[in-house]
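Encoded as structure tokens, the structure appears first; notes follow it.
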Amino acid sequence: MKKRNIIGGMLAAACCAVVLCAFAAHENADARAMAVSGQQTPTAVSHAGGKVLVVYFSVPETDGVDASSGASRVLSGGKVMGNTQYVATIISEATGSDLFEIKTVHTYPGSHKALIDAAKVEIDNNARPKLATHIKNLKDYDVVFVGFPNWWYDMPMPLYSFFDEYDFGGKTVIPFCTHGGSRFSGAIKTIRELEPQATVLDGYSVARERVANSEEGILKWLEKIGMKK
Ligand SMILES: Cc1cc2nc3c(=O)[nH]c(=O)nc-3n(C[C@H](O)[C@H](O)[C@H](O)COP(=O)(O)O)c2cc1C
């Protein structure tokens with residue numbers, strides 16, 4: 001029994017290593033996509049006095065270890081948060097903006113392996129999971145941060161449902177993501193395609209093992225783009 005547990009543990013560790021290496025190999029995919037598109041995007045936000053909204057999607061994993069060891073959760077003020085949720089909270093506090101969580105009608109599994117599999121099925125089926133939360137008064141906001149974890153080198157499919165639901169024309173969208181090595185993959189290009197009338201900034205990505213210590217870098221970035229209050 002003991003031997004079987006040891007072998008099981010070794011197999012699980014090997015799987016994690018393979019997944020981590022695969023993510024790291026895609027690390028600069030978003031940078032390459034930008035270079036190829038040659039698109040000129042503003043590096044700072046000029047916002048005309050409208051409100052700012054921070055939108056995020058995040059699935060804290062209930063198994064595994066803490067964020068400093070690479071799991072998708074952070075402990076902050078005694079509260080367990082998903083990595084992207086934690087980054088969203090910092091942005092919301094630093095910019096004095098409202099916070100909005102994208103939630104789906106169905107619940108994602110909290111355990112890593114089951115979540116990986118569920119997300120793969122959705123991506124393979126080009127699914128549009130039904131959303132349980134909806135933004136009221138989008139017209140009041142002229143700048144919208146949109147945060148998500150990189151899932152399978154892409155945005156999680158609920159983000160596609162989200163961009164299907166809203167037209168961000170005339171607004172500034174500022175993407176941010178957390179990831180295991182792939183940064184945004186091609187997500188910035190995808191958001192620009194889904195929201196052609198919006199100004200979509202290049203955004204900010206945080207590697208999951210740095211999330212717990214990401215505040216200083218986030219604040220510097222917000223200052224640089226003119227969004228720190
Ligand atoms: C289903 C799934 C797929 C993932 N795919 C990738 C990937 O392709 N590239 C990557 O760098 N990280 C990948 N990761 C790691 C997550 O992006 C990372 O753990 C993120 O910080 C999770 O954020 P959250 O806690 O807000 O959900 C994946 C994680 C999950 C659960």
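Counting other beta carbons within 10 Å of each residue's own, what order do D117, D98 fall into, fewest first?
Details: D117 11, D98 15.
In order of increasing Cβ crowding within 10 Å: D117, D98.
Phi angles of segment 192-200 translate, via the Karplus equation with coefficients 6.51, -1.76, 1.60 and θ = phi - 60°, into HN-Hα couplings of 4, 6, 6, 10, x, 8, 9, 8, 10 Hz per residue; Gly and Pro are given as x. The H on the amide N of F100, modeled in the peptide plane, is under 5 Å from the matching H of V54, V55, Y56, each at least 5 residues off or on a different chain. For K136, the lysines whose Cα falls under 25 Å of its own Cα, not counting residues fewer than eight places away in the same chain, are K51, K103, K171, K228, K229.
The aspartates and glutamates whose alpha-carbon is closer than 16 Å to the alpha-carbon of K189, local same-chain residues fewer than 8 away aside, are E27, D30, D154, D164, D202.
When both bridge partners sit in segment 99-194, DSSP labels roughly 20% of those beta bridges antiparallel. For segment 216-222, putting each phi into the Karplus relation 6.51 cos²θ - 1.76 cosθ + 1.60 with θ = phi - 60° gives couplings of 4, x, 5, 4, 5, 4, 4 Hz, in residue order, rounded to whole numbers and with x for Gly and Pro.
Between A132 and K103, T104, V105, the built amide H atoms are under 5 Å apart, and every one of these is 5 or more places off in sequence or on another chain. Normalised Debye scattering of segment 133-225 at q = 0.22, 0.23 Å⁻¹ gives log10 I(q)/I(0) of -1.19, -1.26, counting only Cα atoms as equal scatterers and leaving out solvent. Ordered by the number of other Cβ atoms lying within 10 Å of each residue's own Cβ, fewest first, F176, F145 fall into the sequence F176, F145. Extent of segment 80-128 along its three principal axes (Cα atoms, max minus min coordinate, largest first): 38, 22, 16 Å.
What is the gain in length, in nm to one decimal, between S76 and V105 on full extension, counting 0.36 nm per residue of separation less the C-alpha to C-alpha distance? Could you put the intermediate results ahead of the total?
Details: separation 29, 0.36 × 29 = 10.44 nm, distance 2.63 nm.
Additional length available on full extension: 7.8 nm.
Rule-based calculations on the coordinates, nothing more; no lab input. Please read these numbers as outputs of a predicted model, since none were measured by experiment. Here Cβ is always computed from backbone atoms with ideal geometry, including for glycine, and neighbour counts include all displayed protein chains.
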